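Nothing in this text is a laboratory measurement; each read-out follows from the coordinates by a stated rule. On a predicted model such as this, the values are computed, not experimentally measured, just so you know. Using ideal geometry, Cβ is built from the backbone for each residue, glycine included, and neighbour counts are taken over all protein chains shown.
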């Protein structure tokens, strides 16, 4: 497969790039850490099971919508045709920090929701123009239910999940496969310093499940798997319970 | 809220937390200790004080370069050995030295200067490291190698992370002829037979390791299985790559009493007799050959909540069969018998200033933590000192500083290096406080 990953230098994006390279996918890496991109591309290339495959990269920043077009142009030029685009990039902060820093909260909402949607729209048009493809986007279980510890971050992901579901409905027949990833807690740099809850996932395991979902075109993936059941219950708890619990 | 803790593989906790991240340079400011996957058994990777800044390196796991002609690999320090193995074995390359688990990082392999089944011919991991990039105590980022800042390099090799934080490792990988192992396993009825067999086999086999039964009594004590191996030639190996084992976990802590003298004796007897033939020959996959214990992730939970340590020491060649005989007798007498007792003959001592192995015979035995663990460790250490041997810091939690100083005459040289590269002893661990007199304050 020919895959573009946005957010490829860190966290889940890195784990996905490493595993996709190991199984022989052709890759083009996007991210906002300009110094890290060539290093991550070299890593993916060293891990690549095929010989003589070059892993390309270009700067792309979710805070700058004008970077999307050129980055995707560069990806198309490098890969020829794009089969799938994976978006792992996003901002994160605890609810306490976001409440204390409205400017950062605004930035987070813009990046995680508005600009991610703009990026996905750009990708959707290009994939459909080329006859179809797969769009894999990391939303979050945080978007499934309004919850105390993730009010603002969760809202950004709720909006994103909503958008992804809609474009799945609208464009499925035309060949667009939308895969919404709803990770629970994964032990990456994003969650460093937070106490891991039960069912916390390791990046490698989660990455493997994401690649399987991408291959099959699974519309919604909860990962690690127990989070599907956890959120099934949380979504059904009455309001008076949600007001009481800390989760 | 309970206080957060960190622990090593032996599960004895110390208060503290680790900071995880991909960018080690950015994280390294003010850091007192780097740790990899926390596979050292005791307190080597634990903070001296709960407020010490500890960096977990495992997210810094990129391969920076690999030369498929020469086999020279450069990677970030948090790269996991299993990741490296899965990436390169199919391409005909393997780590030059591997410990008994693949859930370790490259940085940890350097800091412990790990050894493996091929120690008698290949030495320790550090002997194959070409260069390191390190963050020193004052924040300077430097590179070192056997030719550049060689004193820093050989201090860091086996230096338990105390000379500087390891950021990147460059290592010479080893060419392998297939991903299968040609193996021969021999059952030996007594310790003396065993010891002579392991030494004799060293000349013919690049990889050897033994398991001995200390639960057996009388003449049978120390009987065991000697495993010898070499990479299979393409003509001997199956054409397909070996299958990977499905992960198994130990889902719960076994109760403390699960491993008791009776079950340990039964386990040892069953293990000894699992091979009925005197000699068994065959081709096996690399994974069970190098990493039999990795087959069950979290096997450390078998010792229950009390935790455990491993006592590993090496006795010099000069102490002979009698030396090992007396150590085994003392272990048995003091009740220090475990399901798995591993014996390995070691080649010459490496250049790492505090590197563990020396020419002779190494013995490793797991021990549950109980009321006797301190005195058991003391009694064993007294004998090891008498016999001219030393213990492995990576496994240790209970050795007394005066005992370690008496075992390792290289310690003053190591202190001199710390004086030069970290005069204020900013880098420290719970182990360096216990053994090297570092302060846990400040």
Worksheet entry | Some residue of region B:28-50 being closer than 16 Å to residue A:192 by Cβ, within 12 Å of chain A (Cβ to nearest Cβ) and without any contact (Cβ under 8 Å) to a residue 40 or more places away in the chain | no
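Just checking, does region B:327-334 include any residue being outside any loop (DSSP other than H, G, I, E, B), touching a strand residue (DSSP E or B) at 6+ places or on another chain (Cβ under 7 Å) and buried (at least 16 other Cβ atoms within 10 Å of the Cβ)?
Yes, because at least one residue in region B:327-334 is outside any loop (DSSP other than H, G, I, E, B), touching a strand residue (DSSP E or B) at 6+ places or on another chain (Cβ under 7 Å) and buried (at least 16 other Cβ atoms within 10 Å of the Cβ).
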Item to complete: Report yes if some residue within region A:48-63 is within 13 Å of chain B (Cβ to nearest Cβ), crowded, with 18+ Cβ neighbours inside 10 Å and more than 23 Å from residue A:130 (Cα to Cα); otherwise report no.
Response: yes
Discussion item. Every residue in region A:161-207 that is out of contact with any strand residue (DSSP E or B) (no Cβ under 9 Å at 6 or more places or on another chain) and on the phi > 0 side of the Ramachandran plot, please.
Written reply: A:199
Item to complete: Being outside any loop (DSSP other than H, G, I, E, B), within 12 Å of chain B (Cβ to nearest Cβ) and closer than 26 Å to residue A:83 by Cβ is the filter here, so list the residues in region A:174-206 that pass it.
Response: A:186, A:203, A:204, A:205
Practice prompt. Scan region B:158-195 residue by residue and report those that are surrounded by fewer than 22 Cβ atoms within 10 Å (Cβ to Cβ), part of a helix (DSSP H, G or I) and in contact with a strand residue (DSSP E or B) (Cβ under 9 Å, 6 or more places away or on another chain).
Written response: B:193
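For region B:364-379, check the following and say yes or no: at least one residue is within 27 Å of residue B:129 (Cβ to Cβ) and outside any helix (DSSP H, G or I).
Yes, because at least one residue in region B:364-379 is within 27 Å of residue B:129 (Cβ to Cβ) and outside any helix (DSSP H, G or I).
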Worksheet item: Any idea which of B:350, B:307 is buried (at least 20 other Cβ atoms within 10 Å of the Cβ) and closer than 21 Å to residue B:115 by Cβ?
Response: B:350
Worksheet item: How about region B:401-424: which of its residues are assigned to a loop (DSSP other than H, G, I, E, B) and either loosely packed, with under 14 Cβ neighbours inside 10 Å or without any contact (Cβ under 8 Å) to a residue 24 or more places away in the chain (or both)?
Response: B:409, B:423, B:424
Discussion item. Which of the numbered conditions does residue B:205 fail, given that it passes all the others? Conditions: (1) more than 24 Å from the chain's Cα centre (by Cα); (2) in a loop (DSSP other than H, G, I, E, B).
Written reply: (1)
Worksheet item: Quick check: is even one residue across region A:139-156 touching a residue at least 60 places away in the same chain (Cβ under 8 Å), buried (at least 18 other Cβ atoms within 10 Å of the Cβ), in contact with a strand residue (DSSP E or B) (Cβ under 8 Å, 6 or more places away or on another chain) and farther than 21 Å from residue A:233 by Cα?
Response: no
Discussion item. Considering only residues that are farther than 21 Å from residue B:349 by Cβ and in contact with a strand residue (DSSP E or B) (Cβ under 8 Å, 6 or more places away or on another chain), which ones fall in region B:96-128?
Written reply: B:102, B:103, B:104, B:105, B:106, B:107
Practice prompt. Look at residue A:5 and say whether it is closer than 25 Å to residue A:110 by Cα, more than 12 Å from chain B (Cβ to nearest Cβ) and either buried (at least 16 other Cβ atoms within 10 Å of the Cβ) or in contact with a strand residue (DSSP E or B) (Cβ under 8 Å, 6 or more places away or on another chain) (or both).
Written response: yes
Response to the item:
Flagged in region B:62-85 as surrounded by fewer than 21 Cβ atoms within 10 Å (Cβ to Cβ) and either more than 10 Å from chain A (Cβ to nearest Cβ) or free of Cβ contacts under 8 Å to residues at least 12 places away in the same chain (or both), in numbering order, are B:65, B:67, B:69, B:70, B:71, B:72, B:85
Worksheet item: Which is touching a residue at least 60 places away in the same chain (Cβ under 8 Å) and assigned to a helix (DSSP H, G or I), of B:293, B:315?
Response: B:293
Fill in: Residue check, residue A:83 under 15 Å from residue A:117 (Cα atoms) and surrounded by 17 or more Cβ atoms within 10 Å (Cβ to Cβ)
no
Worksheet entry | Condition met for residue A:38 (away from chain B (no Cβ under 14 Å) and either within 30 Å of residue A:195 (Cβ to Cβ) or touching a strand residue (DSSP E or B) at 6+ places or on another chain (Cβ under 9 Å) (or both)) | no
Practice prompt. Check region A:217-227 and report whether any residue there is within 14 Å of chain B (Cβ to nearest Cβ) and more than 24 Å from residue B:19 (Cβ to Cβ).
Written response: yes
Practice prompt. Name the single residue, out of those in region B:26-42 being in contact with a strand residue (DSSP E or B) (Cβ under 9 Å, 6 or more places away or on another chain) and farther than 24 Å from residue A:203 by Cα, that is surrounded by the fewest Cβ atoms within 10 Å (Cβ to Cβ).
Written response: B:29
Response to the item:
Of the residues in region A:13-29 that are assigned to a helix (DSSP H, G or I) and out of contact with any helix residue (DSSP H, G or I) (no Cβ under 6 Å at 6 or more places or on another chain), the one that is farthest from the other protein chains (Cβ to nearest Cβ) is A:20
Item to complete: Hey, could you check region B:273-290 for residues that are part of a helix (DSSP H, G or I) and out of contact with any helix residue (DSSP H, G or I) (no Cβ under 9 Å at 6 or more places or on another chain) and say which is surrounded by the fewest Cβ atoms within 10 Å (Cβ to Cβ)?
Response: B:273
Practice prompt. Report, by residue number, each residue of region B:6-20 that is within 14 Å of chain A (Cβ to nearest Cβ) and either in a loop (DSSP other than H, G, I, E, B) or in contact with a helix residue (DSSP H, G or I) (Cβ under 7 Å, 6 or more places away or on another chain) (or both).
Written response: B:16, B:17, B:19, B:20
Worksheet item: within 24 Å of residue B:130 (Cβ to Cβ), surrounded by fewer than 24 Cβ atoms within 10 Å (Cβ to Cβ) and at the interface with chain A (Cβ under 9 Å from one of its Cβ atoms): does that describe residue B:23?
Response: yes
